[in-house]
1. How many residues are touching a strand residue (DSSP E or B) at 6+ places or on another chain (Cβ under 7 Å) and either in a loop (DSSP other than H, G, I, E, B) or free of Cβ contacts under 8 Å to residues at least 40 places away in the same chain (or both) if we restrict to region 78-91?
2. Quick check on PRO94: is it away from the ligand (no atom under 16 Å from the Cβ), in a loop (DSSP other than H, G, I, E, B) and either more than 21 Å from THR123 (Cβ to Cβ) or in contact with a helix residue (DSSP H, G or I) (Cβ under 7 Å, 6 or more places away or on another chain) (or both)?
3. Considering every residue within region 5-21, establish whether at least one is away from the ligand (no atom under 16 Å from the Cβ), under 19 Å from PRO142 (Cβ atoms), in contact (Cβ under 8 Å) with a residue 24 or more places away in the chain and touching a Leu at 6+ places or on another chain (Cβ under 8 Å).
4. Which residue out of SER64, SER33, SER54, SER50 is within 14 Å of the ligand (Cβ to nearest atom), in a loop (DSSP other than H, G, I, E, B), of a type in the set (Ser, Thr, Tyr) and in contact (Cβ under 8 Å) with a residue 12 or more places away in the chain?
Amino acid sequence: MAEAPAAEKTQRPIVPFLKIPTDPSKKPYLAGSRCKQCGAIYLGNRMACSRCFSAEPMDEVPLSDTGELHVFSIVHQSAPGVPTPYIAAIVDLPEGISVRCNIAGVEPDPKNLKFGMPVKMVTEKIRTDREGNDVVAFSFRPV
Ligand SMILES: [Zn+2]
């Protein structure tokens, strides 16, 4: 009896709205939904538009990978196993969307952070799941 081929290892985004193209020349991006009726854009999938109440299926649109730091907080205590301190933040994208995320690439010190500073999305492998796939998370870092 022939053995089943080993399953292809893939990259698994940690949230469904983080899209990782299989083509390595294309960059990961956050996906939004655009209302066909009024053009409002939301992060991730939406069943209905909260602006015009349309329940028509929305178009998936790629969101910008750059934005501005809207607000941040340096977290010193978290769940067991989560390394602290880290920077929890909300980043505003040019599409008018706010994204909850962590800020990476700088020491978690208020002197390194400014409200409104430009940031860019990055992705990194944070762990390997039980099937051996890379689990990929996104964060933003100052540009
Ligand atoms: Zn709408």
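1. Of all residues in region 78-91, those touching a strand residue (DSSP E or B) at 6+ places or on another chain (Cβ under 7 Å) come to 84-91.
Retained after the next criterion (residues that are either in a loop (DSSP other than H, G, I, E, B) or free of Cβ contacts under 8 Å to residues at least 40 places away in the same chain (or both)): 84-88, 90.
Summing the residues that are touching a strand residue (DSSP E or B) at 6+ places or on another chain (Cβ under 7 Å) and either in a loop (DSSP other than H, G, I, E, B) or free of Cβ contacts under 8 Å to residues at least 40 places away in the same chain (or both) in region 78-91 gives 6.
2. Details: away from the ligand (no atom under 16 Å from the Cβ): yes; in a loop (DSSP other than H, G, I, E, B): yes; either more than 21 Å from THR123 (Cβ to Cβ) or in contact with a helix residue (DSSP H, G or I) (Cβ under 7 Å, 6 or more places away or on another chain) (or both): no.
Taking the combined requirement at face value, the residue does not satisfy it.
3. Initial filter on region 5-21 (away from the ligand (no atom under 16 Å from the Cβ)): 5-21.
Those still in the list that are under 19 Å from PRO142 (Cβ atoms) too: none.
Scanning region 5-21 turns up no residue that is away from the ligand (no atom under 16 Å from the Cβ), under 19 Å from PRO142 (Cβ atoms), in contact (Cβ under 8 Å) with a residue 24 or more places away in the chain and touching a Leu at 6+ places or on another chain (Cβ under 8 Å).
4. That would be SER54, the only listed residue that is within 14 Å of the ligand (Cβ to nearest atom), in a loop (DSSP other than H, G, I, E, B), of a type in the set (Ser, Thr, Tyr) and in contact (Cβ under 8 Å) with a residue 12 or more places away in the chain.
Every number in this text was worked out from the coordinates using simple rules, so none of it is lab data. Everything quoted here is computed from the prediction, not taken from an experiment. Heads up, the Cβs are rebuilt from the backbone with ideal geometry, glycines too, and the neighbour counts pull from every protein chain shown.
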